[in-house]
Amino acid sequence: MDTNSFRGEDEAALDDVTRGMTAQRERILGASYRLFYRRPVHLVRGEGAYLWDADGTKYLDVYNNVASVGHAHPRVIEAVTRQMSALNTHTRYLHTRVLDYAEDLLSLLPEQIDQVMFMCTGSEANDLAIRVARAYTGGQGIIITSESYHGNTELTSAHSPALGGNQLPDPASRRIAPPDGYRQGIAATELAAWYAAEMQRTIDAMRADGVAFAGLLADSAFSSDGVFLGEPGMLRAGIDVVHTNGGVFIADEVQPGFARTGDTFWGFARHGVIPDIVTMGKPMGNGIPISGMAARREVLEAFSRQIPYFNTFGGNPVSVAAAQAVLDIIREEKLQDRARIVGAQLREGLSDLAQRHELIGDVRGAGQFTGLELVLDRETKKPAGKIALQVIEELRNRGVLTSVAGPHANVLKLRPTLAFASSDIDWLVGALDESLLAVQP
Ligand SMILES: Cc1ncc(COP(=O)(O)O)c(C=O)c1O
C-alpha cells in the first residue's frame, strides 16, 4: 500500500468533468475508495506498455503488474472471447482447461509443490494459505514483514501492517523487519546471516509469548516494505530457520511471480528456496480475475481432508483461458529474458541519473521490479517522503504513471508491464530527470 491515495481533495485544480466524476464517485461508491494523484487520471484505453486518457493523452505505465504481458494483449483477448463464446462454468463440473492449466502451472514450480487450487484474488489465496498452514502445523503464529500487504479479507488484513493502525492485527502474528540492507547499513554479504538471526529471534519471541509457530508469509520482492529483492540467495538461510523450527514458508508471489524478476520465473526461486505453499494472483490472468494457491500435497492434506472448498468463480474456464494465454505469451515472447535485460538497462540509466541528483539515495531491484529510494541527505538517509509524492505528481504531468512504497513512502516503485522496452527507458529516465529538478528542496 502507499500514500498516493486521494479522494479528490484538490478540487480547485480539477477541470469540470474530473471534478464531477470525483464527486459522483465518492457519493455513489463511498469514501473508502481512493484515487491515485491529486489530479485523478481518467483512463479509457491501453495497449502494450501504454495507456490513454479520455483527452487522448498517452501515458507510459510504470506501475502495472496486472496487465503484465501488456495492456489489451490480442492473444489474451482472443482466448477469453473464444472460451466465453463456448462456455463458462465452475470447478464442480469436469473441464479439461483447468486440468491442462494446472499441469502447466505446476510444471513451472518446484517438483515438491504438486497440487494447486484456484481463487479470484490474491487476498483469497493468502487467506486460504494461512488456514492451510495452521491446519498443517497445528500452530497459529504467522510471521510477516513490518510493512507488508497480503490482502483485504479479515484474516489477511490482520496480516497486513501496511494498512496501518486501523486494522486489528492478528493476535498470533508477529512482525519481522524486511532485509533492508541500505537503511540498516548491512552489506549484501552479511544480509543473509542477519536475516536468519532476525528470523530465529522473532520465532523465539513468539514462543516466549506462548504462541506456537505456524510459518512465514512473505513476498520475496518486499514490495510494500520498500522493494528489496536483494542478491540471489539472500533469503535462503532465513527460510532454513523457518523450516528447522517446524514452520512452513508461504511465498506470496502476487507481486514477484510470473517472470517479473527476470532471473527466474518466481521470486522465491532467485533465492534457491523451496516454499511449502505458493500464492499467486495479479499478473496471472493479465487483468481477468484469477489467483491460485499451490502447495506440497502433504501440507494441503490436513486442510483439504476436512474442509471442502468451493469458490464460484475460482478456476472458471474463461479465467483459466486467460491464464493459459499468459503462460504461453511469457514463453513465446521470452518475457522473462526481456524483464532481466531491460530491467538491468533501466537501472543503469537510473544509476547515471543518481550521479546528477543527490535526492536519489539508492537504486535497487531485479528484472522489471525497481526501487528508487529518495533521501534528503545521503549521509543520514533521511527519507524524502513528501518529495517522493511530489515527484510522482510531476511524473504524471509528464505522462509517466507510478507510485511509492515503504514505511516512509519515499521509494518509487517502478514496476512496468513486461511489454516495457529498451526504447521506453528514455521517456521514463528523462521524465524523472525533469521531475527531480522540479522538486528540488
Ligand atoms: C503481495 C500482495 N499480496 C496479496 C495482495 C492482494 O491481492 P488482491 O488485491 O488481488 O486481493 C496484494 C495486492 O496488492 C499484494 O501486493
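The values are calculated or read from the model by the stated rules, or taken from the named source; none is laboratory data. Note that the structure is predicted; figures quoted are calculated from it, not measured. Cβ coordinates were reconstructed from backbone atoms using ideal geometry, including for glycine residues, and neighbour counts include every protein chain displayed.
Taking the stated definitions as given, is residue 67 of a type in the set (Gly, Ala, Ser), part of a loop (DSSP other than H, G, I, E, B) and buried (at least 19 other Cβ atoms within 10 Å of the Cβ)? Considered against the rule, which asks whether it is of a type in the set (Gly, Ala, Ser), part of a loop (DSSP other than H, G, I, E, B) and buried (at least 19 other Cβ atoms within 10 Å of the Cβ), residue 67 comes out as yes. The single condition from (1) out of contact with any Phe, Trp or Tyr (no Cβ under 9 Å at 6 or more places or on another chain); (2) closer than 27 Å to residue 419 by Cβ; (3) within 15 Å of the ligand (Cβ to nearest atom) that residue 232 fails is (3). Those helices (runs of 4 or more DSSP H) of the range 285-377 in which at least 2 residues are within 27 Å of residue 132 (Cα to Cα) and modelled with pLDDT under 95, considering only elements entirely within it, cover 297-304.
Of all residues in the range 237-244, at least one satisfies being assigned to a helix (DSSP H, G or I) and either small (Gly, Ala, Ser) or within 16 Å of the ligand (Cβ to nearest atom) (or both). The test for being acidic (Asp, Glu) and within 15 Å of the ligand (Cβ to nearest atom) holds for residue 127.
Per-residue answers, yes or no, for (1) in a helix (DSSP H, G or I); (2) touching a residue at least 24 places away in the same chain (Cβ under 8 Å); (3) among the small types (Gly, Ala, Ser); (4) out of contact with any Asp or Glu (no Cβ under 8 Å at 6 or more places or on another chain):
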site	(1), (2), (3), (4)
21	yes, no, no, yes
24	yes, no, no, yes
28	yes, no, no, yes
51	no, yes, no, no
55	no, no, no, yes
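Okay, residues lined up against (1) touching a strand residue (DSSP E or B) at 6+ places or on another chain (Cβ under 8 Å); (2) outside the structural domain of residue 417 (by TED's automatic domain parsing); (3) on the phi > 0 side of the Ramachandran plot:
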site: 19; (1), (2), (3): no, yes, no
site: 31; (1), (2), (3): no, yes, no
site: 36; (1), (2), (3): yes, yes, no
site: 61; (1), (2), (3): yes, no, no
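Close Cβ contacts (under 6 Å, 6 or more residues apart or on different chains) running from residues in the range 256-271 that are among the aromatic types (Phe, Trp, Tyr) to residues that are in a helix (DSSP H, G or I) comprise 258/283.
Hey, could you check the range 260-285 for residues that are of a type in the set (Gly, Ala, Ser) and out of contact with any helix residue (DSSP H, G or I) (no Cβ under 9 Å at 6 or more places or on another chain) and say which is farthest from residue 73 (Cα to Cα)? Within the range 260-285, the match that is farthest from residue 73 (Cα to Cα) is 269. Taking each residue of the range 288-308 that is assigned by TED's automatic domain parsing to the domain that holds residue 150 and looking for partners that are among the acidic types (Asp, Glu) and outside any loop (DSSP other than H, G, I, E, B) with beta-carbon atoms closer than 7 Å, six or more apart or interchain, yields 291/124. The residues on offer are 254, 227, and the sole one that is assigned to a loop (DSSP other than H, G, I, E, B), among the β-branched types (Val, Ile, Thr), within 13 Å of the ligand (Cβ to nearest atom) and on the phi < 0 side of the Ramachandran plot is 254.
At least 1 residues being in contact with a helix residue (DSSP H, G or I) (Cβ under 6 Å, 6 or more places away or on another chain) and under 22 Å from residue 318 (Cα atoms) is the threshold, and among the helices (runs of 4 or more DSSP H) wholly inside the range 73-180 those reaching it are 74-86, 96-107, 122-137. Cβ separations smaller than 7 Å between residues 6+ apart or across chains give the following pairs from the range 116-132 residues that are farther than 16 Å from residue 307 by Cα to residues that are of a type in the set (Asp, Glu) and not in a helix (DSSP H, G or I): 126/252. Picking from residues in the range 401-431 that are under 19 Å from the mean Cα position of the chain (by Cα) and outside any loop (DSSP other than H, G, I, E, B), the one that is farthest from residue 145 (Cα to Cα) is 401. The criterion of being more than 12 Å from the ligand (Cβ to nearest atom) and polar (S, T, N, Q) holds for residue 173.
Residues in the range 257-274 that are on the phi > 0 side of the Ramachandran plot and either buried (at least 24 other Cβ atoms within 10 Å of the Cβ) or under 16 Å from the mean Cα position of the chain (by Cα) (or both): 258, 259, 262.
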